[in-house]
Amino acid sequence: MSEYRITTADELYFVSLTVVGWVDVFTRNEYKDILIKNLQYCQQNEKLEIFSYVIMSNHIHLVCRRLDNDLKELLGRFKSNSAKQIIKAIEDNPHESRKEWLLYLYNYFAKANKQFSKNHF
């Protein structure tokens with residue numbers, strides 16, 4: 001998902017981040033845990049204040065702001081790091097019954113967008 005909106009430091013935003021193709025990946029706790037861990041990192045190290053969030057099966061909603069800095073830049077890094085970690089977790093999970101299908105889809109969507117090399121999450 002691309003971010004086109006300009007954000008201002010200290011402003012409150014409602015943010016929705018979706019999985020490409022609306023693929024239900026967050027039905028597995030290990031993938032939700034990666035998101036939560038990365039959100040906690042952003043809170044502790046990047047001055048992200050989260051007022052509310054919900055993780056749905058294929059997207060996340062946040063009500064948040066970033067103190068003293070641009071939220072857009074942080075969201076870009078959050079999405080990139082989370083996507084890489086989740087794809088790696090899918091690849092390394094011997095119990096993931098949808099592994100081939102998920103990896104195929106992320107690779108398929110990457111081919112449609114030259115911004116992404118191997119996978120588009």
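The values are calculated or read from the model by the stated rules, or taken from the named source; none is laboratory data. All values reported here derive from a predicted model rather than from experimental measurement. Cβ atoms come from the backbone with ideal geometry, glycine included; neighbour counts cover every protein chain shown.
For (1) at pLDDT below 95; (2) out of contact with any His (no Cβ under 8 Å at 6 or more places or on another chain); (3) more than 22 Å from A110 (Cα to Cα), each residue gets a yes or a no:
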position: M1; (1), (2), (3): yes, yes, no
position: T8; (1), (2), (3): yes, yes, yes
position: V23; (1), (2), (3): yes, yes, no
position: Y31; (1), (2), (3): no, yes, no
position: Q43; (1), (2), (3): no, yes, yes
position: Y53; (1), (2), (3): no, no, yes
position: L62; (1), (2), (3): no, yes, yes
position: G76; (1), (2), (3): yes, yes, no
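S57 satisfies every condition listed in (1) under 26 Å from A112 (Cβ atoms); (2) buried (at least 16 other Cβ atoms within 10 Å of the Cβ); (3) at pLDDT 95 or above except (2). Taken over the range 17-43, the criterion of being under 8 Å from N58 (Cα atoms) and in a helix (DSSP H, G or I) is satisfied by W22 alone.
Considering K72, K47, which residue is on the phi > 0 side of the Ramachandran plot, in contact (Cβ under 8 Å) with a residue 12 or more places away in the chain and out of contact with any helix residue (DSSP H, G or I) (no Cβ under 6 Å at 6 or more places or on another chain)? Only one candidate qualifies: K47. Just one residue in the set N38, N69 is within 30 Å of I6 (Cβ to Cβ), surrounded by 13 or more Cβ atoms within 10 Å (Cβ to Cβ) and within 15 Å of the chain's Cα centre (by Cα); that residue is N38.
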